[in-house]
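Remarks on the structure that follows.
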Amino acid sequence: MAHENFSQRFMRATGKLRFFFGPAHRGTTEGEMTAANKELLAEREAEAQQWETVTRPDGSTYVVPKDPGDRSLR
């Protein structure tokens, strides 16, 4: 421990704090969505419907607004 770098000192200190506070809480991603989250998801999906992803020949992508008069993809 003669020449510890910052990250080593930090990890040692947090290891000592873990003794008192316990490990970090890990939640789950499973379970029912709340009504507010379902509503927000529906809004975001509706917003996403107005955009179209375009792929360039080099493989990169970008989004552009969909043409409201174009019904070929719907």
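Throughout, read-outs are computed from the coordinates displayed, never taken from laboratory work. Remember, it's a predicted structure, so these values are computed and weren't measured experimentally. Every residue, glycine as well, gets a Cβ built from its backbone with ideal geometry; the counts of neighbours run over all protein chains shown.
Points worth noting:
- Angle between the chain longest axis and helix 6-21 axis [Cα atoms, degrees, rounded to 10]: 90
- Debye, to nearest 20: dipole size of the chain, +1 on Lys, Arg Cβ, -1 on Asp, Glu Cβ: 600
- Degrees between helix 35-48 axis and first principal axis of the chain (Cα, 0 to 90, nearest 10): 50
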